[in-house]
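The values are calculated or read from the model by the stated rules, or taken from the named source; none is laboratory data. These numbers were taken from a predicted model, which means no experiment stands behind them. When we count neighbours, we look across all protein chains shown, and the Cβ atoms used for this are built from the backbone with ideal geometry, even at glycine.
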Amino acid sequence: MSNAGSNTASVISTATNTVTATITVGNLPVGVGVGPDAINALTARTNALVAAGALTQNQADALLGKLDQISTKIEAGQINAAINQIGAFINQVSAFIKNGSLTQAQAQPLINGAIALQVSLTDPALAPPPPPAG
């Protein structure tokens with residue numbers, strides 16, 4: 001995550017949602033980078049909510065299905081479709097907040113991770129490479 005005011009970038013652990021390092025990068029950094037493990041991190045966080053009893057397996061399956069679709073769309077180079085699925089994922093998480101299945105604190109890391117993934121796909125400098133030809 002870039003910190004333009006301090007000319008640094010923060011490394012954020014997706015497991016704990018905390019800053020693990022701050023790196024000096026130069027004048028006015030911009031952008032957010034999401035590694036290839038962003039979907040895996042969202043999957044792990046969703047499964048952790050099941051293990052904690054916050055979500056039922058059926059509720060988790062709805063989210064996991066969307067994550068699978070996002071991954072498939074990205075691999076196929078269908079970035080706009082992937083972005084739409086990310087929106088559906090966020091909407092589903094928001095519905096779980098509204099119906100009391102998740103608290104805001106439980107849901108926010110899922111929403112933040114999904115938004116970061118969405119940003120990485122909409123910023124050409126941060127987008128994943130295109131799938132190999134063939």
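Listed values, structure above:
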| read-out | value |
| --- | --- |
| Selection from segment 90-102 of residues that are more than 21 Å from ILE39 (Cα to Cα) and in a loop (DSSP other than H, G, I, E, B) | ASN99, GLY100, SER101 |
| Some residue of segment 27-38 being at pLDDT 90 or above, outside any loop (DSSP other than H, G, I, E, B) and surrounded by 13 or more Cβ atoms within 10 Å (Cβ to Cβ) | no |
| Filter pass, GLY77 being at pLDDT below 60 and in a loop (DSSP other than H, G, I, E, B) | no |
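A quick yes/no check of all residues on (1) modelled with pLDDT under 95; (2) outside the structural domain of ALA48 (by TED's automatic domain parsing):
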position: ASP61; (1), (2): no, no
position: LEU64; (1), (2): no, no
position: SER71; (1), (2): yes, no
position: GLN85; (1), (2): no, no
position: PHE89; (1), (2): no, no
position: ALA95; (1), (2): no, no
position: ASN99; (1), (2): no, no
position: LEU117; (1), (2): yes, no
position: ALA127; (1), (2): yes, yes
